[in-house]
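Below is one structure, written out as structure tokens; comments come after it.
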Amino acid sequence: MRVLVAGGAGYVGSALVPKLLERGYDVDVADLFWFGNHLPAEVGIVNRDLFDLQASDLEKYDQVLFLAGLSNDPMAEFSPSKNFIFNAAAPAYLCYIARRARVRRYIYASSCSVYGYTENELFDEDRPVSSHYPYGISKLQGERAVMQFADDDFSVIALRKGTVSGYSPRMRFDLIINTMFKTAMKEGIVRVSNPAIWRPILSIEDAVMAYIRAIEANERISGIFNVASGNHTVGEVADLVRNTVEEELGTRLALDIKHVKDVRNYKVSIERAKNVLSFHPHHSVRSIVRNLIDNMPKCNDWDNPNYYNIRVFEHLEETVSREPASAVSGD
Ligand SMILES: NC(=O)c1ccc[n+]([C@@H]2O[C@H](COP(=O)([O-])OP(=O)(O)OC[C@H]3O[C@@H](n4cnc5c(N)ncnc54)[C@H](O)[C@@H]3O)[C@@H](O)[C@H]2O)c1
């Protein structure tokens, strides 16, 4: 089976692609490599913007995965126009040309952020979604667009992922547990922005398995699936991070609790992913922290700007805006 992973050089893709190779898949990655290339050497590289791909470029693939775009709120707010182009238009365009190229399945990296602010109820995929901020709205637009293309010959699966955490060769320290872990190790403190807020947490290993289950599901399956390892309040996540680090490393950590208003608050049911995709998470906040401890020697240069999406993105945007017009247009 040949698979194209668009945005496959990012945090999730850099953990997923080696596992796909291990399972015998032939994998290419199409990416702009904003965060460098941390992929195994045997991966085919397509160093292009997704909008430069044509249907003829996709004819050789059985499945196409979309893991690209602006992957957090700070990036979306820094460039709202690129947010809507890369998160809403790009997945729709790639799905359109994949279907024209007779690709059999398209898998879209959606997000539980589409649920916006809910009042402590468990949300399944049939509940109404209502995001009121650019990232969540753009992820929902992308999801709605790609689902329109599903038919009997073209499967479309959207995975609404919880906040992913754990070690990846393309590391991020701007994701809830990873950030708490970094400040615990660097400053001896676990910071909590709002202990009452609910979040579905997804270990990177469970995220990788969710994609594998989607790739290997019966060809007739299409649909939207919540995927998470567990639902927790941010306050509970902080306690679990703190206790695990203290137990594993024998250190003492302080706790800093604030009560900052948040636009996101949701917990999700993963029953559909269990029943239809056979997705069963095997990880917990504690096992995510142990995974981070085990991999710490590979990423303890905590202030490396590459670990923070917004820093890399701001730099890229400044570089583009400083280039002379002729260089931008290619004249
Ligand atoms: N990380 C999470 O917690 C999380 C949670 C829910 C959903 N998601 C979604 O999952 C996907 C992957 O997340 P991630 O954390 O791996 O993101 P990431 O920011 O680490 O990686 C995104 C990759 O996409 C590439 N890219 C972006 N726009 C492109 C374009 N137009 N053409 C080619 N390449 C492009 C970038 O170079 C980068 O390598 C994203 O769509 C994100 O919105 C992530």
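The values are calculated or read from the model by the stated rules, or taken from the named source; none is laboratory data. The shown structure was predicted, so the numbers you read here are calculated from the model rather than taken from an experiment. Please note: Cβ atoms are built from the backbone with ideal geometry, for glycine as well, and neighbour counts cover all protein chains shown.
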task = Select from the stretch 37-58 the residues that are more than 15 Å from ALA101 (Cβ to Cβ), surrounded by 12 or more Cβ atoms within 10 Å (Cβ to Cβ) and small (Gly, Ala, Ser) and list them in ascending order.
result = GLY44
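Can you find a residue in the stretch 45-64 that is without any contact (Cβ under 8 Å) to a residue 60 or more places away in the chain and on the phi > 0 side of the Ramachandran plot? Step through it out loud before you land on a result.
So in the stretch 45-64, the residues without any contact (Cβ under 8 Å) to a residue 60 or more places away in the chain come out as 45-61.
Checking the rest, the ones that are also on the phi > 0 side of the Ramachandran plot come to none.
No, every residue in the stretch 45-64 fails to be without any contact (Cβ under 8 Å) to a residue 60 or more places away in the chain and on the phi > 0 side of the Ramachandran plot.
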Wholly within the stretch 34-95, helices (runs of 4 or more DSSP H) carrying at least 1 residues that are within 10 Å of the ligand (Cβ to nearest atom) = 73-78, 80-84
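Yes or no: ILE221 closer than 30 Å to VAL156 by Cα and crowded, with 17+ Cβ neighbours inside 10 Å? Lay out the reasoning, then the answer.
Values: closer than 30 Å to VAL156 by Cα: yes; crowded, with 17+ Cβ neighbours inside 10 Å: no.
Taking the combined requirement at face value, the residue does not satisfy it.
Could you check the stretch 33-75 and list, in sequence order, the residues that are touching a Phe, Trp or Tyr at 6+ places or on another chain (Cβ under 6 Å), under 27 Å from GLU314 (Cβ atoms) and modelled with pLDDT of 95 or more?
Residues of the stretch 33-75 touching a Phe, Trp or Tyr at 6+ places or on another chain (Cβ under 6 Å): 64, 66, 69-70, 73, 75.
With the extra rule that they be under 27 Å from GLU314 (Cβ atoms), the set shrinks to 66, 69-70, 73, 75.
PHE66, GLY69, LEU70, MET75 - these are the residues of the stretch 33-75 that are touching a Phe, Trp or Tyr at 6+ places or on another chain (Cβ under 6 Å), under 27 Å from GLU314 (Cβ atoms) and modelled with pLDDT of 95 or more.
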ask   = Limited to the stretch 2-33, what total is found for residues that are more than 7 Å from the ligand (Cβ to nearest atom) and assigned to a strand (DSSP E or B)?
value = 8
request  = Mind listing whichever residues of the stretch 167-199 are under 13 Å from the mean Cα position of the chain (by Cα) and under 16 Å from GLY230 (Cβ atoms)?
outcome  = LEU175, ILE176
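Which one of LYS261, LYS267 is out of contact with any strand residue (DSSP E or B) (no Cβ under 6 Å at 6 or more places or on another chain) and not in a helix (DSSP H, G or I)? Walk me through it before giving the result.
Working: LYS267 fails: out of contact with any strand residue (DSSP E or B) (no Cβ under 6 Å at 6 or more places or on another chain).
None of the other options fit; the residue is LYS261.
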